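Read-outs throughout are calculated quantities, based only on the coordinates presented, and are distinct from any laboratory measurement. This structure is a prediction, so every number in the text was calculated from the model and none was measured. Neighbour counts run over all protein chains shown; Cβ positions are idealised from the backbone, glycine included.
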Amino acid sequence: MVRKTLIAGNWKMNGLLEDGVSLAKGIAQEVKKAGRKDCEFLVCPPFTLLSSVKKAIKGSKVMLGAQDCHYAEKGAHTGDISPLMLKDLGCQYVIVGHSERRTDHYESNELIRKKAEAAINAGLKVIICIGETEAEKDAGKTISVCTAQIEGSVPEISNAQNTVIAYEPVWAIGTGRTPTAAEVEEVHAAIRKVVSKKLGRAISNKMRLLYGGSMKPTNAKELLALPDVDGGLIGGASLKVADFMAIGDASKQ
Ligand code: 13P
């Protein structure tokens, strides 16, 4: 059973042109030097930087992703970006259902499922984010919340090639706090079971599950060594070349 590690940087709403290009160039250079065959690297800058970052990573194996998309191909949706536009620009991935979008833009599981389906149909791979709030964790609802999010936001057309699921406990994002390694493994193993029930065991065994939420060079080794953790979705630490690459290094088994 081979699931290639995926180290993904979610830059969120960070980076002006000069910084973004220099960050992307730095990552591309280090990824080339590292020459890893067992690990993929992805950067997801804001829409405004996609085009310049694409140029900056050209010739390296670093992949390009966006942080959100609309579910329609085109049309009257002021301010939105379609999956086809992202594909046209050279994106391979798009993140959907990040908790910041679920909160800031009131995105529902149903909307996220529609976005994921449209993105896959446009030829993109999706990273579908799930995760519980602190109140839900305290109420012992972590697994039930994640189960409902998977059931509601992962489309039927998802498979191990076109879909990655990122478990990001909301209370761990940007806080410096993380669940224990045992808690992360428990949730990831539960996610794999839910995926197996929904899409079948063969798909579930091959689908990559990322952990996200305050992943840093100091905690990455322990988290990335867990049997059901296949990589990381990294926010803050993906904005520094050295930290992002150190997390990549931590994934070496
Ligand atoms: P941090 O790594 O900054 O906690 O963010 C995680 C995240 O939300 C990635 O999508």
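Ranking S60, Y106, T48 by Cα position along the charge dipole of region 20-114, where only Lys, Arg, Asp and Glu carry charges on their C-beta atoms, puts S60 farthest toward the positive end. Extension gain, T175-H77: 0.36 nm per intervening residue step, less the Cα-Cα distance, totals 31.9 nm. Between I203 and A225, the simple spin-label model (points 7 angstrom out along Cα→Cβ) gives 3.3 nm.
Expressed as a whole number of Å, what is the distance separating the alpha-carbon centroids of region 105-122 and region 141-183? What the calculation gives is 15 Å, centre to centre. Remark: region 152-220 projects, on average over all directions, an area of 5.1 nm² (convex hull of Cα atoms). Spin-label model, S196 to L16: label points 7 Å out along the Cα-to-beta-carbon direction sit 5.1 nm apart. Note that region 107-253 carries a Kirkwood radius of 15.4 Å, evaluated over its alpha carbons pair by pair.
Once the gyration tensor of the Cα atoms in the chain is diagonalised, the equivalent ellipsoid follows with semi-axes of 25, 22, 17 Å, ordered largest first. Over 14 Å apart: what share of the alpha carbon pairs of region 1-72 falls there, rounded to a whole percent? More than 14 Å apart: 58 percent of the Cα pairs in region 1-72.
Each peptide among 208-218, 11-21, 141-151 gets the average number of other Cβ atoms lying within 10 Å of its residues, and from highest to lowest they stand as 208-218, 141-151, 11-21.
Simple point charges give the picture: +1 on the Cβ of Lys and Arg, -1 on the Cβ of Asp and Glu, and for region 50-111 a dipole about the Cα centre of about 500 debye. Counting only Cβ charges, +1 for Lys and Arg and -1 for Asp and Glu, the dipole size of the chain around its Cα centre is about 1000 debye. If you take the alpha carbon atoms of region 1-150 and fit the smallest convex hull around them, that volume is 141 Å³ per residue.
The alpha carbon centroids of region 78-100 and region 1-72 are separated by 14 Å.
Estimated from helical segments only, the mean residue ellipticity of the chain at 222 nm is -13000 deg cm²/dmol, where each DSSP H run of four or more residues counts as -39500 (n - 2.57). Two numbers describe the Cα atoms of region 126-175: Rg and Dmax, which are 11.8, 34 Å.
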